[in-house]
Amino acid sequence: MSTEQKIETRCVPADAAALAEAGRILRDHGLVAFPTETVYGLGADATSGEAVAKIYAAKERPEFNPLIAHCSDQEHAELYGLFDDNARRLAKTFWPGPLTLVVPARENCAVSDLTRAGLSSVALRVPAHPVAQALLREAGVPVAAPSANRSGRVSPTHAGHVMGDLDGRIDLVIDGGASDVGVESTIVSCIDGKVVMLRPGGIAREEIERVIGRKLEAHDGAAIHAPGMLASHYAPNAKMRLDVQTIEKDEAILDFGGRFADVQQASFDLSPSGDLKEAAANLFAFLRALDATGADVIAVAPIPHEGLGEAIRDRLARAAAPR
Ligand code: TXA
Ligand code: MG
């Protein structure tokens with residue numbers, strides 16, 4: 001995007017006037033960043049290819065990945081997708097909340113081809129954050145929203161992160177405080193009777209399996225192309241070293257459970273008490289803060305595999321991937 005096209009981006013608190021304005025901007029095919037309980041989203045009218053194209057321009061996303069269409073409730077979501085028994089059960093249990101369901105799109109699905117990247121399926125989510133809920137009701141349309149960061153950067157969990165990445169590129173940022181889950185939604189596809197986890201996230205695998213009453217099927221990678229699963233996606237500038245047992249000189253530390261509390265180097269502890277929920281909520285903000293120290297390497301303490309640990313480990317592995 002050239003400098004002449006720079007637009008004024010306002011960052012405003014989430015009051016009634018801001019929400020009404022956000023609704024107007026979305027209906028006029030503009031871009032609004034808004035808080036969800038997982039991360040901040042960059043929203044556009046999902047039914048308009050023209051509006052959704054602006055998301056790619058603002059993020060400088062290199063390719064058209066399918067986006068999640070956010071809906072105000074399950075009834076709204078079922079206007080666009082075909083829910084089988086598993087999808088219904090998962091929606092009833094976890095919506096509103098950090099779950100995205102990929103289901104077959106209905107015939108004449110109003111969610112645009114660009115939002116769906118031409119696929120015959122559609123990704124739907126009903127977020128729980130009260131500001132996201134109010135915004136979706138104001139907009140009256142499904143809202144396509146990837147995370148509100150520039151392509152290749154860490155996902156934003158504060159309005160300030162969004163301004164840092166997208167100031168001058170979007171119309172409005174609604175500040176609703178910190179996102180308290182802190183990692184993106186879990187993505188589960190329910191197609192042809194199969195239930196497959198496409199991305200670990202804010203709802204743990206074990207919780208999904210409890211609801212469907214069996215183990216999730218393994219994601220074979222080839223069958224469903226989910227480009228958000230690109231290896232390097234959540235990328236700080238620093239190199240990352242994972243599951244470290246010892247700290248090298250000059251490394252910044254991303255700690256967990258106070259393991260390296262005695263080491264005298266720049267350090268953030270995701271959760272001194274070893275709570276994975278707290279760790280997920282702090283993850284992206286701490287990665288940004290450690291990156292800002294200018295350290296060449298961020299050493300990361302071991303994170304347990306269970307529960308939300310799966311999503312945290314997934315995001316750390318991507319941040320550490322070569323690029
Ligand atoms: O928590 C979240 O999910 C956040 C907030 C803003 O809602 N959104 C988010 O969006 O993480 P994004 O664009 O970063 O990730 C969407 C993921 C991508 O990995 C994409 O490939 C996948 O959803 N996806 C979307 N539609 C799909 C489809 N029809 N089939 C398979 N994967 C799909
Ligand atoms: Mg993203």
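The values are calculated or read from the model by the stated rules, or taken from the named source; none is laboratory data. None of these values were measured; they are calculated from a predicted model. Here the Cβ positions follow ideal geometry from the backbone for every residue, glycine too, while neighbour counts run over all protein chains shown. For the accessible areas, the whole protein counts, side chains as well, though only heavy atoms, and no ligand, DNA or RNA atoms are used. Shrake-Rupley method; radii C 1.70, N 1.55, O 1.52, S 1.80 Å.
Quick rundown of the values:
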read-out: Net charge dipole size for segment 1-53 [Lys, Arg +1 and Asp, Glu -1 on Cβ; Debye, nearest 20]; value: 40 debye
read-out: Net charge of neighbours whose Cβ lies under 13 Å from the Cβ of Ser112, counting Lys and Arg as +1 and Asp and Glu as -1; value: -1
read-out: Loop-resident sites, segment 1-97, for GluC sites (Glu not before Pro), counting at most 10 other Cβ within 10 Å (DSSP); value: Glu8, Glu63
read-out: Amide H within-cut-off set for Ala117, under 5 Å, with H built and near neighbours excluded; value: Leu67
read-out: Total formal charge among the other residues, if their Cβ is under 13 angstrom from that of Ala18, Lys/Arg +1 and Asp/Glu -1; value: -3
read-out: 5 angstrom amide H check on Val122, placed H, neighbours 5+ away; value: Val103, Ala105
read-out: Cross-link reach list, aspartates and glutamates versus Lys6, counting only Cα pairs under 13 Å and skipping chain neighbours closer than eight places; value: Asp167, Asp171
read-out: Which of Gly176, Ala132, Ala87, positive extreme of dipole for the chain (C-beta unit charges); value: Ala87
read-out: In order through segment 306-314: 3J(HN,Hα) via Karplus (6.51 cos²θ - 1.76 cosθ + 1.60), integer Hz, x for Gly, Pro; value: 7, x, 5, x, 4, 5, 5, 5, 4
read-out: Solvent-accessible surface ranking, highest first, for His129, His219 at 1.4 angstrom; value: His219, His129
read-out: Solvent accessible area, Å² - Leu242, 1.4 Å probe, full protein context; value: 60 Å²
read-out: Karplus-derived HN-Hα couplings along segment 266-271 (A = 6.51, B = -1.76, C = 1.60, θ = phi - 60°), whole Hz, x at Gly and Pro; value: 3, 8, 10, 9, 4, 7
read-out: Above-threshold pairs, the threshold being 25 Å between Cα atoms, out of Lys54/Lys194; Lys92/Lys215; Lys59/Lys215; Lys215/Lys277; Lys54/Lys239; Lys59/Lys277; value: Lys54/Lys194; Lys59/Lys215; Lys54/Lys239; Lys59/Lys277
read-out: Residues whose placed amide H lies under 5 Å from that of Met240, excluding near-sequence neighbours; value: Ile298
read-out: With every protein chain in place, segment 239-320: carbon and sulfur % of accessible area (1.4 Å); value: 50 percent
read-out: Normalised alpha carbon radius of gyration of the chain [divisor 2.2 N^0.38 Å]; value: 0.97
read-out: Rg over Rh [alpha-carbon atoms, Kirkwood Rh] for segment 239-320; value: 0.92
read-out: Contour minus Cα-Cα distance for Ala53 and Ala292 (0.36 nm per residue); value: 82.9 nm
read-out: Local electrostatic count at Val32 - Lys and Arg +1, Asp and Glu -1, tallied over other residues with Cβ under 9 Å; value: -2
read-out: Calculated FRET value between His305 and Leu119, using beta carbons and R₀ = 25 Å, to 0.05; value: 0.25
read-out: Using θ = phi - 60° and Karplus 6.51 cos²θ - 1.76 cosθ + 1.60, couplings along segment 137-148 (whole Hz; Gly, Pro as x); value: 5, 4, 5, x, 10, x, 10, 6, 8, x, 4, 8
read-out: Solvent-accessible area, 1.4 Å probe, carbon plus sulfur percent, for segment 10-218; value: 50 percent
read-out: Accessible surface, segment 116-183, averaged per residue in Å² (probe 1.4 Å); value: 29 Å²
